[in-house]
Amino acid sequence: MQETDPQTINFPGILASSVHDMKNSLSTLMTLIARLEKMYPDAKPPEFRQLQFEANRMNNSLVQLLILYKIESSRFSLSIDAHPAQDIIHDIMTQQSALLSLSPVRLLNECPADLMCYCDNALISSAIGTIVNNAHRYCREKILLSAAQKDDHVVFCVEDDGAGYPDQFVSAEAGASIPFEPGTGSTGLGLYFAATLAQMHTNGAQRGFTKIDNNSRFGGARFSLYLP
Amino acid sequence: MMTPNLKSKKILIVEDYPVMRKAIEQMLYTLNAQQIVTTDTGLGAISEMKKAKFDIVLCDYNLGTGKNGQQVLEEAKYHKLLPFNAVFIMITAEQNQGMVLGAMDNKPDEYLTKPFNAQQLFSRLQRNFVRKLYLVSVEREIDKGNFALATHNCEKLLRQNDPNMRLPLLKLRGELALNTGDLKTAQSVYQEVLQQRDLPWARLGLGIIAFHQNDYELAIATFQDLIGLYPMMLEAYDWLAKAHEAADDPQEALETVNLALDLSPSAILRQKKLAALADKTENLELAEKAYKTAVKLGKNSVHKSPSDYSGLARIYVKTNAPHEALQTLEELHQQFANEPEAELRAAIIETEVFQKLGDDTLALQAFDKARQLNEQFGKNTPEDLRLELVKTCFMQGDHSTSEKIIADLVRNNIDDPHFIDDINKICTGFNHNAFSENLIQRTRQEVVTINNRGVSLFKQGKVKEALEVFENAFSKMPNNKTIILNMAKIIVYDIKANGSSVEKMLNAKVVIKKAIQLGVAYNKIAPLQQELASLANDHADRRPALAPE
C-alpha cells in the first residue's frame, strides 16, 4: 500500500468515486421510499412527495457539480448527435414520473413529432429536468414542457403558473451569474448549469443560450433553452 | 405511452450491489417481466449468456473486483453471446461517461444513468426495441456478414423518407460503405450529412476515408480538428494514431495513444498498442509500463494474450533483467498452460535469457523445445512469432530451420511489401540477405507465372482450366492473397457469364469467406460480394414472376 500523501491526492478520482457512491445511496434511498410508499393506501402522506422531490434535487446537483468540474478541468466534451425533440421531452417526463404520481401538479407537454434537434441529449434532458423539478416547488398546479422551432433554433420551454421569478433573476443577463441567495434554497446552480451547457452547443457561428422571464402562458415563470 | 409489458423477454441483470439488484428486479416485475436472471459478477454474466440467449441485458459498469461492464460487453460480442437484436444497456453512475468507456466496436445500445425509475427504464427499452425492429433487415444481414444485402436494405429504408430515421440510417449507410471499401459512396453520404449539419461522426467518416485513400496528411488534419473540438472523442484518437503509424511516424502515434490512455486508462487494446509502439521506438521504460498494465488488464479481459507477457519478458531481456524475464515467463506458463503459442513464445525468450546468463545447457534445452513446438504447431502460430523464431534460429546458428520458416513466410506473404521488408531486414541483420532476396524474387516470379497462365486460360474461355491453375497454386500457397482473390474473381465472372448453379454460388461464398479470413483488403473483396449479391438477387427477383403466389 502506498502512503497517503495529501499533495498527490487524486481529487477527480475521489470526486468520481464519491459521486458513484452517493448515487448508489440515492438509488437505495429512492428504492426504500418506493417500498415504503407501497405500504400506504392511496392518498399517501405528503411527506413522500417531499422525499421524492429532495432526492431528485440531490441527484441533479451531484450530476451538475461533476459535469461542471469536468468542464473546468478540460476533461469534457459534448456528445452531439441528432435526436427527436420528442424523445428528450419524453425522457424528462419519465424522469419526473415518480414525483408526479405523488403530486397534484400536472406536467403537460407539447412537441411536434418530427422536430429534430442537435445536442447532447443526456445532458440537455438533465439540465431541463432540473428546471422542471424546481418548477414543482413554485407552480400552483401545472407545468408545461414544450419544444418548438423558432427561426434557427429549437427552443425548449418550461412554463409554470406560479408567482414567477423574482425581479433580480429576470433582470440578470442570460448566462450571467445568477444571484446566490443563501438560505432561500436557491443556489442558482441549475440555471447556471443550463446556461453553461447551452453555450457549449454551437452551429457555425451560432451558440445556444438560455433565457428566463415571466412570460409564461399561465402567467408564471418561463425558462427557455435555445439550441442552434 | 404503451403499456409496459416485458412478459416475453428474457432479461439478465448484472449488478454487484444487492440493494440495487433487487431494485432493478422489482422495477422489471412492475413492467410484467417474468423471465429474469440475476448475477453479481462479470464472470457470472458471461456464463449465464453462454447458457441462454437474452433479449435484454442490464449491466452495471462498476462491478467491483473482476470484470467490469465494458469487459462483459466486449467478451459477449467477441464470442457472439448476444443475439443481434438483443438490447444491452450499460448502467453508469455518471452522465456523459459513455464516450470515455466506449471502445470502437463495443458500444452498448444505451447508457442509463443511476438513479432511474421503472418508467425511465421501460422508455429506454421501448425506444431501443422500436429502433431495432425498424433496422432489423439491415442489422440481421450485418450480423451474417452479408454487407451487400445490408446495404440494399438500408437504401430501401432511406427511400421511405422517415425524417426521424434519416440521420441514423445515413450513419449506418456510411459505415456500411466504409466496411465494404466503397469510399465514393461513403464520401457522398458524409458530405451530404455535413452540408446539413456539422456532426462529429460524419467528420470522423471523412477522416477514415482519407486514411483509406492513403492521404495521411488530410486524415491526420481531420482527426486533429475533431480532437480540438471534442477532446473526449476517443475514436478520433485511435484513428489519429493509426494515421500517424501509417505515415511512418511511430513517435507521434505513441504520443496520441498516450493522450487517449490518459483519458481512459483501462482500455486494454490501447495499452497493447502503446506497448508495441514504445517497444518499436525503443522507449523501453514506457514499454515495460504499458506491457505490465496490459497484463494486469488482461486478467479480466477477453483480449488477454500471451504476447503481452512475452513482450514484457523481452523488454526485461533488453534491459538486462534476466530474472524478471524468467519470472514473467513463469507467469506466462501459469496463465496459458498447454497453449502451444504461449509455450513457443516462452521457449524463444528462454533460449535468449539462458544464453545471456551463460547457461548453455538450459539455453539449448529451451531452443530444442522451441524447434519441437514449431515442428508441431508452427504453421498455426501468428506470423510475428514465426519471425521471432527465425531470429532465434539464426542466433543459435540453425540456418536451415530459419530458411525453412522464411521460405514458408515469403510464399504466404509475397504480396505484403511491409512484411517482406521485415523479413529482408532480419536476414540482412544476420548476413543472410542474399538468400532472402533470391527467394523473394523467385517467389514473385512464380506467382506472376501462375497468374499469367490462369488469366490467359480464362481469357481463352477455358474457365475450368484457369480455375484448376489457381486451385493448384492455392494448395501450395494457402495464405497467398493474390491467388485467392483471383480465384474468387474467376468464379464470380464465371457465374455472371455462364449462369449460376447452387454449387457455383456455394463455392464462390466459400472462397470469398476464405479471402476475408486471410485479410484480403475489403475494397478488393467488396465489389465481388456486391456482384454476387446482385446475381443472387436477380435470381431471387425473377422467381416470383415465374411462380406467383
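The values are calculated or read from the model by the stated rules, or taken from the named source; none is laboratory data. Everything quoted here is computed from the prediction, not taken from an experiment. A quick note on method: Cβ atoms are made from the backbone with ideal geometry, for glycine too, and the neighbour counts reach across all protein chains shown. Calculation scope for accessible area: heavy atoms of the full protein, side chains included, ligands and nucleic acids excluded. Shrake-Rupley method; radii C 1.70, N 1.55, O 1.52, S 1.80 Å.
Which value, in Å³ per residue, describes the convex hull spanned by the Cα atoms of the stretch B:118-183?
Working: hull volume 5.9 nm³, N = 66.
Residue-normalised Cα hull volume stands at 89 Å³.
Please compute the per residue accessible area over chain B with all protein chains in place, 1.4 Å probe, rounded to a whole number of Å². Could the numbers behind the result be given before it?
Numbers: 26250 Å² over 549 residues.
Result: 48 Å² per residue.
Could you tell me the relative contact order of the stretch A:90-162? Use alpha-carbon pairs under 8 Å, at least six residues apart, and round to a whole percent.
Numbers: 86 pairs, mean separation 24.8, N = 73.
Relative contact order, the stretch A:90-162: 34 percent.
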(request) Please say if chain A is rounded, prolate or oblate, where rounded means a/c under 1.5 for a ≥ b ≥ c the square roots of the C-alpha gyration tensor eigenvalues, and otherwise the choice is prolate for a/b larger than b/c and oblate otherwise? (result) oblate
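Could you tell me whether the stretch A:13-100 comes out rounded, prolate or oblate from its Cα gyration tensor? Rule is a ≥ b ≥ c as square roots of the eigenvalues, rounded for a/c under 1.5, then prolate if a/b exceeds b/c, otherwise oblate.
oblate
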(message) Checking the cross-link filter: which aspartates and glutamates have an alpha carbon closer than 18 Å to that of B:LYS9, excluding same-chain neighbours under 8 positions apart?
(response) B:GLU25, B:GLU48, B:ASP55, B:ASP109, B:GLU110
(request) Check cross-link reach from A:LYS70 to the lysines: straight Cα distance under 20 Å, and skip same-chain residues fewer than eight apart. (result) A:LYS23, B:LYS114
(request) Anything losing 50 Å² or more of accessible area from the isolated chain to the full protein assembly: pick those residues out of the stretch B:185-211, probe 1.4 Å, ligands and DNA/RNA ignored. (result) B:ARG197
(message) Through the Karplus equation 6.51 cos²θ - 1.76 cosθ + 1.60, θ set to phi - 60°, convert the phi angles of the stretch B:461-474 into ³J(HN,Hα) values in whole Hz; use x for Gly and Pro.
(response) x, 8, 4, 4, 5, 4, 4, 4, 4, 6, 4, 4, 5, 4
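Could you state, as a whole-number percent, how many of the C-alpha pairs of the stretch B:168-254 are farther apart than 18 Å? Before the final figure, lay out the partial values.
Details: 1523 of 3741 pairs.
Counting every Cα pair in the stretch B:168-254, those more than 18 Å apart make up 41 percent.
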(request) Would you tally the net charge around A:ARG137, using a Cβ to Cβ cut-off of less than 12 Å, leaving A:ARG137 out, and scoring K and R as +1, D and E as -1? (result) +1
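Evaluate E = 1/(1 + (r/R0)^6) for B:ARG442 and B:ASN498, where r is the Cβ-Cβ distance and R0 equals 41 Å; express this FRET efficiency to the nearest 0.05. Walk me through the numbers before you get to the answer.
Details: r = 36 Å, r/R0 = 0.87.
Step by step, r from the Cβ atoms, then E = 0.70.
Please report, in cubic angstrom per residue, the volume enclosed by the convex hull of the alpha-carbon atoms of the stretch B:105-245.
Spread over its residues, the Cα hull of the stretch B:105-245 gives 136 Å³ apiece.
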(request) Kindly provide log₁₀ I(q)/I(0) values, in the same order as q = 0.15 Å⁻¹, from the Debye equation applied to equal alpha-carbon scatterers of the stretch B:1-41. (result) -0.34
(message) Which of the three applies to the stretch B:419-471, rounded, prolate or oblate, going by the alpha-carbon gyration tensor with a ≥ b ≥ c and a/c under 1.5 meaning rounded?
(response) prolate
(request) With the Cα gyration tensor of the stretch B:1-97 in hand, convert its eigenvalues to equivalent ellipsoid semi-axes via √(5λ) and list them largest first in whole Å. (result) 20, 16, 13
(request) Estimate the FRET efficiency between A:SER73 and B:LYS462 by the formula 1/(1 + (r/R0)^6), using the beta-carbon distance for r and 56 Å for R0, to the nearest 0.05. (result) 0.20
(message) Residue by residue through the stretch B:303-310, what is 3J(HN,Hα) from phi via Karplus (6.51 cos²θ - 1.76 cosθ + 1.60, θ = phi - 60°)? Round to whole Hz and write x for glycine and proline.
(response) 8, 4, 8, x, 5, 5, 5, 5
(request) Using Cα pairs closer than 8 Å and at least 6 residues apart in sequence, work out the relative contact order for chain B, in percent. (result) 7 percent
(request) Give, as a single signed number, the net charge of other residues whose beta carbon lies under 14 Å from the beta carbon of B:TYR111, with Lys and Arg counted +1 and Asp and Glu -1. (result) -2
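Membrane-span-like helices in chain A: DSSP H runs reaching 18 Å or more (Cα, own axis), mean Kyte hydropathy at least -0.5? Write out the running numbers ahead of the final one.
On the way: long enough: A:11-39 (42 Å, 0.40); A:47-72 (37 Å, -0.19); A:121-138 (26 Å, 0.26).
Span-like helices in chain A: A:11-39, A:47-72, A:121-138.
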(message) What does the buried accessible surface come to for B and A, summed over both chains, with the probe at 1.4 Å? Round to 100 Å².
(response) 3400 Å²
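Roughly to the nearest percent, how much of the accessible area of the stretch B:301-379 is carbon and sulfur, given a 1.4 Å probe?
On the way: 1740 of 3760 Å².
Accessible surface attributable to carbon and sulfur in the stretch B:301-379 totals 46 percent.
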(message) Let me see the P(r) profile for the stretch A:35-85: every Cα-Cα distance counted, bins of 10 Å, each bin given as a percent of all pairs.
(response) 19, 27, 26, 20, 9
(message) Whole angstrom only: what separates the Cα centroid of the stretch B:29-73 from the Cα centroid of the stretch B:148-206?
(response) 33 Å
(message) Given the whole protein assembly as supplied and a 1.4 Å probe, what does the accessible area of B:HIS323 come to in Å², nearest 10?
(response) 130 Å²
(request) Give me the accessible area per residue for the stretch A:1-93, probe 1.4 Å, as a whole number in Å². (result) 59 Å²
(request) Mind listing, in residue-number order, the residues in the stretch A:95-124 that have at least 40 Å² less accessible area with every protein chain present than in their own chain alone (1.4 Å probe)? (result) A:MET116, A:TYR118
(request) Sequence neighbours fewer than 8 away in the same chain don't count; with that in mind, list the lysines whose C-alpha is under 19 Å from A:LYS150. (result) A:LYS211
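With a 1.4 Å probe and every protein chain kept in, tell me what percent of the accessible surface of the stretch A:25-72 is carbon plus sulfur. Working shown, then result.
Values: 1740 of 2750 Å².
Result for the stretch A:25-72: 63 percent of the exposed heavy-atom area is carbon or sulfur.
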(request) Take the alpha-carbon centre of the stretch A:46-120, take the same for the stretch B:292-348, and report the distance between them in whole Å. (result) 48 Å
(request) With label points built 7 Å along Cα→Cβ from the Cα atoms of A:ASN10 and B:GLU339, find their separation and express it in nm. (result) 2.7 nm
(request) Determine the shielding of peptide B:163-171 by partner chains: average, over its residues, the number of Cβ atoms on other chains within 10 angstrom of each Cβ. (result) 3
(message) What translational diffusion coefficient, to the nearest whole µm²/s, does the stretch B:420-549 have by Stokes-Einstein, given a Kirkwood radius computed over alpha-carbon pairs, a temperature of 10 °C and 1.306 mPa s viscosity?
(response) 95 µm²/s
(message) Restricted to Cα positions, what overall size does the protein assembly as shown have along the principal axes? Three whole-Å values, descending.
(response) 92, 78, 52
(request) Mind checking the full-extension length gain between B:LYS292 and B:LEU183? Use 0.36 nm per residue of separation minus the Cα-Cα distance, one decimal, nm. (result) 35.4 nm
(message) Could you work out the relative contact order of chain A? I mean the mean sequence separation of Cα pairs under 8 Å and 6+ apart, divided by the number of residues, in percent.
(response) 16 percent
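Give me D for chain B in µm² s⁻¹, whole number, from Stokes-Einstein with Rh from the Kirkwood sum over alpha-carbon pairs, 4 °C and 1.567 mPa s. Before the final figure, lay out each step's value.
Working: Rh = 26.7 Å.
In µm²/s, the coefficient is 49.
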(request) Express the carbon and sulfur contribution to the solvent-accessible surface of the stretch B:430-534 as a percent, rounded to the nearest whole number, probe 1.4 angstrom. (result) 53 percent
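What 222 nm value per residue comes from the helices of the protein assembly as shown, counting each DSSP H run with n ≥ 4 as -39,500 (n - 2.57) and dividing by all residues, nearest 500 deg cm²/dmol?
That comes out to -21000 deg cm²/dmol.
Pop the C-beta distance of B:ASP215 and B:ASP360 into the FRET formula with R0 = 35 Å and round what comes out to the nearest 0.05. Could you put the intermediate results ahead of the total?
Values: r = 53 Å, r/R0 = 1.52.
Computed FRET efficiency for B:ASP215 and B:ASP360: 0.10.
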